[in-house]
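Structure first, commentary second.
Just so it is clear, none of the values below were taken in a lab; they were calculated from the coordinates. Bear in mind that the values here come from a model prediction, so they are computed numbers and not experimental data. Reconstructed Cβ throughout: ideal geometry from the backbone, glycine too, with neighbour counts over all protein chains shown.
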Amino acid sequence: MGEKVLMKGNEALAEAAIRAGCRYFFGYPITPQNEVPEYMSRRLPEVGGVFVQAESEVAASNMIYGAACAGARVMTSSSSPGISLMQEALSYIAGAELPCVVANIVRGGPGLGGIQPAQSDYLQATKGGGHGDYHLFVFGPGSVQEIVDITMEAFEIADRYRNPVMILSDGVLGQMMEPVEFPDHYEPGNIPKPWATTGAKGRPRNIITSLELDPVKLEQHNIALAEKYKKASQELTRHEEYMTEDADVVVVAYGTTARVARAAVDRARKAGVKAGLFRPISLYPFPSGALFDLATRAGAFLTVEMSMGQMVEDVRLAVNGTRPVHFYGRAGGMIPTTREVYGEICKVVEGRV
Amino acid sequence: MHEELIVAGFGGQGVLVTGQLLAYAGMLEGKKVSWIPSYGPEMRGGTANCSVVISSGEIASPLVNEPTSIIIMNKPSLRRFEPLLVPGGLLVYDCSIIDVTPERNDIETVAVEANRIADGLGELKVANMVLLGAYLARTGVVSPEAVIESLSKVLPPRRHHLIPLNKSALEAGLVIS
């Protein structure tokens with residue numbers, strides 16, 4: 001690994017994308033993700049890449065569609081309201097089975113909402129977001145280093161599965177600085193893309209489309225997509241456990257909230273309360289199996305989110321009624337404090353909820 | 001060692017840079033560090049603050065709600081952050097700008113005439129470095145040498161001619177508390 005540098009999450013994300021071979025970025029400004037396009041606009045020309053500030057998120061997302069058709073390593077980033085505008089194109093890209101990477105630096109909603117951090121786009125990110133039967137692969141990093149590692153891997157996963165990958169970050173992770181290391185030497189996987197529309201000279205033409213008017217064929221396409229997602233659920237799920245071995249209560253949290261939850265678990269342990277943390281890193285596919293396994297040992301679960309309760313639905317599905325699943329959330333840009341989460345842990349342990 | 005610090009003042013006083021210097025210095029010394037700014041709309045022309053965590057162990061949360069120390073550069077920030085300081089925590093503030101005194105008596109207080117000292121050095125903008133020096137002298141969270149080394153990493157190249165001045169301001173602060 002190279003020298004340690006202190007970097008903002010958003011800048012680290014952009015640098016990681018470039019290191020992973022991303023040479024095309026199309027985007028439109030919105031707080032709190034502006035460091036990503038700002039960094040890209042400076043760095044991409046240095047490495048022979050292209051940065052375009054589009055006229056809107058709708059346009060930017062369709063530029064992604066076009067570059068992905070041509071087999072390019074391409075990404076965009078935005079924040080919640082901008083990501084909503086991109087849903088049509090994401091449905092088309094997923095339908096046409098194209099690789100790309102999308103970063104959502106989530107802010108509070110609904111509507112224009114605010115500019116402070118939130119996790120209220122979880123359902124949109126993990127359940128499809130646009131129309132039709134599709135999923136993005138979604139990862140929720142919990143540190144600046146993990147943003148780097150996941151972003152670099154995201155391009156490989158996108159190419160391997162021919163599927164869009166979303167990095168679900170938020171205002172805290174984006175603005176926060178932590179030491180990071182980039183690998184000294186990194187060779188992109190260079191997975192062949194014989195399907196790409198690169199000019200049909202000397203070969204039959206490739207057609208990329210999400211249109212299929214024959215319902216028999218369209219059903220087959222949907223079945224193939226479902227099989228892809230099933231395969232991904234066996235290969236891409238990942239999570240981290242902290243002090244769960246003997247936990248009476250396991251906090252389930254991802255991203256920024258997992259950081260706060262970990263501090264709350266530390267505080268609980270100091271007070272003699274057996275608390276642990278289960279941190280999903282892949283949000284789709286969700287680490288349901290590992291969580292179900294944990295439910296055979298843990299007393300109860302407490303899901304903590306910066307939303308009014310979204311991931312908690314997946315937690316309840318995974319635990320499948322075998323243990324109580326409680327919820328604590330803050331919304332609109334408010335971040336749960338260590339003290340609050342510790343208080344909720346105590347309530348669960350003392351049976352006050 | 002586990003320090004949770006908030007640096008607060010007006011935008012333009014070097015609040016964010018002060019925090020970054022500490023974080024960078026901590027990283028150079030092999031400690032775990034995190035830095036996060038406030039980034040709300042209140043920053044535009046108003047108050048700014050950042051949270052820094054420096055620890056010998058893993059940092060759970062980078063968010064600081066109960067600081068162990070605060071460096072305060074204006075009156076509104078004193079009012080806002082003094083109540084959050086843990087009992088026995090350290091308050092370092094610029095008493096040449098802030099015309100009120102801290103209210104709590106269960107904390108350690110270091111009053112520094114940072115603005116006046118910086119003025120004496122010929123540049124008001126290095127008042128933050130005077131406060132940082134006073135803070136380091138009291139806490140020893142990182143070494144002054146690591147902060148000086150961090151200056152060239154944190155300051156943009158167009159400000160590098162100011163590094164000797166920043167160093168002098170830091171040294172002026174180091175001998176205060």
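At a glance:
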{"read-out": "Convex hull volume of the range A:69-148 per residue (C-alpha atoms, cubic angstrom)", "value": "95"}
{"read-out": "Order of A:Tyr342, B:Tyr135, A:Tyr186 - criterion: other Cβ atoms within 10 Å of each residue's Cβ, fewest first", "value": "A:Tyr186, A:Tyr342, B:Tyr135"}
{"read-out": "Separation of alpha-carbon centers, the range A:248-267 and the range B:12-40, rounded to whole Å", "value": "24"}
{"read-out": "Sum of side-chain charges, A:His135 neighbourhood, beta-carbon under 10 Å (Lys, Arg +1; Asp, Glu -1)", "value": "+1"}
{"read-out": "Two-decimal ratio, the protein assembly as shown, of alpha-carbon radius of gyration to 2.2 N^0.38 Å", "value": "1.03"}
{"read-out": "Kirkwood Rh, angstrom, the range A:112-169 [1 / mean 1/r, Cα pairs]", "value": "12.5"}
{"read-out": "Relative contact order (%) - criterion: Cα under 8 Å, at least six apart; region: the range A:5-235", "value": "24"}
{"read-out": "Positive-end residue of B:Thr68, B:Ala146, B:Asn166, charge dipole of the range B:56-177 with Cβ unit charges", "value": "B:Asn166"}
{"read-out": "Convex hull volume per residue in cubic angstrom - Cα atoms of the range A:5-235", "value": "128"}
{"read-out": "Cα pair distances in the range B:2-174, grouped into 5 Å bins until the bin that holds the longest one, percent each", "value": "1, 9, 19, 23, 23, 16, 7, 1, 0"}
{"read-out": "J(HN,Hα) series, the range B:4-21, from Karplus relation 6.51 cos²θ - 1.76 cosθ + 1.60, nearest Hz, glycine and proline x", "value": "10, 10, 10, 10, 9, x, 7, x, x, 7, x, 4, 5, 5, 4, x, 5, 4"}
{"read-out": "Exercise: per-residue mean of other protein chain Cβ atoms within 10 Å, B:62-72", "value": "3"}
{"read-out": "Which of A:Met308, A:Met177, A:Met152 has the fewest Cβ neighbours within 10 Å, and the rest in rising order", "value": "A:Met308, A:Met152, A:Met177"}
{"read-out": "Full-stretch length increase - B:Leu124, B:Glu149 - with 0.36 nm per residue and alpha-carbon distance subtracted", "value": "6.8 nm"}
{"read-out": "Extreme residue, positive dipole direction of the protein assembly as shown, given options A:Gln310, A:Gly189, A:Ile167 (C-beta unit charges)", "value": "A:Gly189"}
{"read-out": "Calculated P(r) of the range A:239-349 - Cα pairs past 19 Å, %", "value": "34"}
{"read-out": "Karplus-derived HN-Hα couplings along the range B:83-88 (A = 6.51, B = -1.76, C = 1.60, θ = phi - 60°), whole Hz, x at Gly and Pro", "value": "x, 7, 4, 5, x, x"}
{"read-out": "Using θ = phi - 60° and Karplus 6.51 cos²θ - 1.76 cosθ + 1.60, couplings along the range A:165-181 (whole Hz; Gly, Pro as x)", "value": "10, 10, 9, 9, 10, 8, x, 5, 4, x, 8, 6, 9, 9, x, 9, 10"}
{"read-out": "Sequence-distant lysines (8 or more away, or on other chains) whose Cα lies within less than 23 Å of A:Lys270", "value": "A:Lys347, B:Lys31, B:Lys32"}
{"read-out": "Neighbouring partner chain Cβ atoms per residue of A:169-178, average, 10 Å criterion", "value": "5"}
{"read-out": "Lys, Arg +1 and Asp, Glu -1 on Cβ, resulting dipole of the range A:152-257 about Cα centre, debye, nearest 20", "value": "1200"}
{"read-out": "Rounded to 5, percent antiparallel among DSSP beta bridges of the range A:5-235", "value": "20"}
{"read-out": "Charge dipole magnitude, Cβ of K and R +1, D and E -1 - the protein assembly as shown, Cα centre, debye nearest 20", "value": "540"}
{"read-out": "Nearby lysines by direct alpha-carbon distance to A:Lys217 (threshold 29 angstrom, same-chain neighbours under 8 apart not counted)", "value": "A:Lys127, A:Lys193, A:Lys201, A:Lys228, A:Lys230, A:Lys231"}
{"read-out": "The range A:239-349: antiparallel DSSP beta bridges as a percent of all, rounded to 5", "value": "25"}
{"read-out": "Sum of -39500 (n - 2.57) over DSSP H runs of 4+, divided by residues of the protein assembly as shown (222 nm, nearest 500)", "value": "-11500 deg cm²/dmol"}
{"read-out": "Dipole-positive endmost among B:Ser96, A:Ser56, B:Val112 within the protein assembly as shown (Cβ charges, Cα centre)", "value": "A:Ser56"}
{"read-out": "Given charges at beta-carbon only (K, R positive; D, E negative), |dipole| of the range B:2-174 in Debye", "value": "520"}
{"read-out": "Mean Kyte hydropathy of 0.5 or more with a Cα span along the axis of at least 20 Å, helices from DSSP in chain A", "value": "none"}
{"read-out": "Ranked list, fewest to most other Cβ atoms within 10 Å of each Cβ, for A:Thr151, A:Thr322, A:Thr209", "value": "A:Thr209, A:Thr322, A:Thr151"}
{"read-out": "Beta bridges per DSSP with both ends in the protein assembly as shown, % antiparallel, nearest 5", "value": "35"}
